[in-house]
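Student: First, the structure itself, so that you have it in front of you.
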Amino acid sequence: MSWSFWIILCAVLFYGVIHSLLASLQAKALARQWFGPAANRWFRLFYNFIAVLTLLPIMLLPAVLSDKPLYRFPYPWYILTGVLQVAALVLLMVGVSQTGLMSFLGIQQFLGRADEAPSSLVVDGLYRYMRHPLYTAGLVFIWLIPVMTLNLLALNIGLTVYILIGALYEERKLLKVHGEDYAHYKQQTPMLIPGLRFKK
């Protein structure tokens, strides 16, 4: 593997660590301790802003570092992958709309239109079939890119590891917030692939 592959992979994984730490309940509690109740209003918006701001340079790395092509989907397969990518984007938008777009972005909290109580557990719609439809949509989209290079492979591997670890980390947080309700939901609903459950 080239040095650019490892730079991109390490950059994505480092981003994942920082992103996960900021998303933790401990980080939000620390923000409340430092800034008082006002932190409830701006924390989510600030978190999203930092997440996007720090992700942009990482997404540019594959384009600016030396690269090598790996494969290209031929016709008509690249049309099929394109259709599936569009479907993944639709899935992503539907999933976000179910949890509330304004709340997801942090705008609702910033405007003071959300209380401090934990958000309700969404278990219907897409969430009836999988616990993390947003992550599923993201994985489908990145792995169906019709032109793959070594740099994009590093980016995809890093994002996949981050998504899988992030999903496990998020579930620990949801168990703390929702308790037995989420434990029961987790037992009944697959994580990423509808219909796929592993018996313990």
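The values are calculated or read from the model by the stated rules, or taken from the named source; none is laboratory data. It should be emphasised that the depicted structure is a prediction, and the values quoted were computed from it without experimental measurement. Using ideal geometry, Cβ is built from the backbone for each residue, glycine included, and neighbour counts are taken over all protein chains shown.
Student: Residues of segment 150-163 being closer than 17 Å to Pro190 by Cβ and surrounded by fewer than 16 Cβ atoms within 10 Å (Cβ to Cβ), which ones?
Tutor: Result: no residue meets the conditions.
Student: Here is a follow-up. Within segment 185-200, can you find the residues that are in a helix (DSSP H, G or I) and surrounded by fewer than 13 Cβ atoms within 10 Å (Cβ to Cβ)?
Tutor: The answer is Gln187, Gln188.
Student: To continue, here is another question. For segment 160-200, enumerate the residues that are under 17 Å from the mean Cα position of the chain (by Cα) and either among the hydrophobic types (A, V, I, L, M, F, W, C) or more than 24 Å from Ala88 (Cβ to Cβ) (or both).
Tutor: Val161, Ile163, Leu164, Ile165, Ala167, Leu168, Arg172, Lys173, Leu174, Met191, Leu192, Ile193
Student: Is it the case, given these coordinates, that Tyr135 is more than 15 Å from the chain's Cα centre (by Cα) and closer than 24 Å to Thr160 by Cβ?
Tutor: No; evaluated as a whole, the condition is false for this residue.
Student: Only one residue in Ile58, Ile79 is of a type outside the set (Phe, Trp, Tyr) and closer than 20 Å to Gly166 by Cβ. Which one?
Tutor: One residue alone meets the criteria, Ile58.
Student: Then there's this: Given the conditions (1) touching a Leu at 6+ places or on another chain (Cβ under 7 Å); (2) of a type outside the set (D, E, K, R); (3) surrounded by fewer than 16 Cβ atoms within 10 Å (Cβ to Cβ), and given that Leu89 satisfies all but one, which numbered condition is not satisfied?
Tutor: Going through the list (1) touching a Leu at 6+ places or on another chain (Cβ under 7 Å); (2) of a type outside the set (D, E, K, R); (3) surrounded by fewer than 16 Cβ atoms within 10 Å (Cβ to Cβ), Leu89 breaks only (1).
Student: Further question on the same structure: Quick test for you: out of Gly179, Gly166, pick the one residue that is over 23 Å from Val86 (Cα atoms), touching a Phe, Trp or Tyr at 6+ places or on another chain (Cβ under 9 Å) and either of a type outside the set (D, E, K, R) or surrounded by 16 or more Cβ atoms within 10 Å (Cβ to Cβ) (or both).
Tutor: Gly166
Student: Return the pairs, sorted by first residue and then second, in which the second residue is not in a helix (DSSP H, G or I), the first residue lies in segment 42-66 and is not aromatic (Phe, Trp, Tyr), the beta carbons are less than 6 Å apart, and the residues are 6+ apart or on different chains.
Tutor: Arg44/Gly106; Leu45/Gly106; Asn48/Gly106
Student: Using the structure shown, decide if Thr81 is modelled with pLDDT of 90 or more, in a helix (DSSP H, G or I), farther than 28 Å from Phe14 by Cα and not aliphatic (A, V, I, L, M).
Tutor: Yes; evaluated as a whole, the condition is true for this residue.
Student: Among the numbered criteria (1) in contact (Cβ under 8 Å) with a residue 60 or more places away in the chain; (2) in a helix (DSSP H, G or I), which one does Leu92 miss?
Tutor: (1)
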